[in-house]
Amino acid sequence: MVISRATEVSADLVRLYSAYLDFYDRPQDSAQIKAFLAQNMQQESTVLIVGSVQDQAIGFTQSYVIPCSLSLGRKAILNDLFVDPHFRGRGYGETLLNQTTDYLASLGVEVAELSTGITNMIGQSLYEKSGWRRDRDFLYYLKPLAP
């Protein structure tokens, strides 16, 4: 698998991102996906890593680098990790995850955080296998701000 930071919105990436949104029952129009990704890529704080096999995008991570008020440094929120269902079970997710954290570290990021579904046992196993640990100090809350 070839892993690289995305610098442009390809049709292949839009297809993969669409599959990601479909996986979470949040389908969107391809034009909206393309605009969203293009806008994100213009932000220096967005890190979109794509894994490809034989020139086909098969997975990605999307992280956001932000200031960390507790360490006075920088942290990353690993917001998205997705591998095309046809390519799962081959270690690509683990490789993407590890390469992403290595890349974030090279940017001077001190800590990365992520969240996952309570029932996502496969994801939890992958994260723990890759050195992530459950936060025992903080609870996270959400409040919808848009209808």
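Other residues whose C-beta falls under 9 angstrom from the C-beta of GLU110 contribute a net charge of +2, scoring Lys and Arg +1 and Asp and Glu -1.
Our coupling estimate for the stretch 118-126, obtained by passing each phi through the Karplus curve with A = 6.51, B = -1.76, C = 1.60 and θ = phi - 60°, is 4, 8, 7, 5, 5, x, 4, 4, 4 Hz, Gly and Pro reported as x. When the square roots of the Cα gyration tensor eigenvalues are ordered a ≥ b ≥ c, the ratio a/c for the chain is under 1.5, which makes its shape rounded. The alpha carbon centroids of the stretch 57-133 and the stretch 2-19 are separated by 17 Å. Database remark: amide H of ARG74 closer than 5 angstrom to the amide H of CYS68, GLU110 (H placed geometrically; neighbours at sequence offset of 5 or more, or on other chains; Pro and chain starts carry no H).
Dipole of the stretch 23-147 computed with +1 at Lys/Arg Cβ and -1 at Asp/Glu Cβ about the Cα centre; of GLY108, PRO27, ALA146, farthest Cα towards the positive end is ALA146. When the chain is described by a simple charge dipole with +1 on each Lys and Arg Cβ and -1 on each Asp and Glu Cβ, the residue from LEU16, ASN98, GLY73 located farthest towards its positive end is GLY73. Among all stretches of the chain without exposed chymotrypsin sites (Phe, Trp or Tyr not before Pro) (DSSP loop, at most 12 other Cβ atoms within 10 Å), which one is longest? The longest such stretch corresponds to 25-137. Go through the stretch 79-95 residue by residue and turn each phi into a ³J(HN,Hα) via Karplus (6.51, -1.76, 1.60, θ = phi - 60°); whole Hz please, and just put x for glycine and proline. Working through the residues one at a time gives 7, 9, 9, 8, 10, 3, x, 5, 10, 6, x, 10, x, 5, x, 5, 5 Hz. In the chain, excluding the sites themselves, the longest stretch lacking any of the trypsin sites (Lys or Arg not before Pro) that are in a DSSP loop with at most 12 other Cβ atoms within 10 Å is 1-132. Of the GluC sites (Glu not before Pro) in the stretch 29-136, the ones in a loop by DSSP (not H, G, I, E or B) with at most 10 other beta carbons within 10 Å are GLU44.
Remark: the stretch 99-108, residue by residue, has Karplus-estimated 3J(HN,Hα) of 5, 5, 5, 4, 5, 4, 4, 5, 8, x Hz, where x stands for each Gly or Pro and the curve is 6.51 cos²θ - 1.76 cosθ + 1.60 at θ = phi - 60°.
Values quoted throughout were computed directly from the atomic coordinates according to the rules given, and no laboratory measurement underlies them. Worth saying up front: this structure is predicted, and the values here are computed from it rather than measured. Note that each Cβ is placed from the backbone with ideal geometry, even for glycine, and that neighbours are counted across all protein chains shown.
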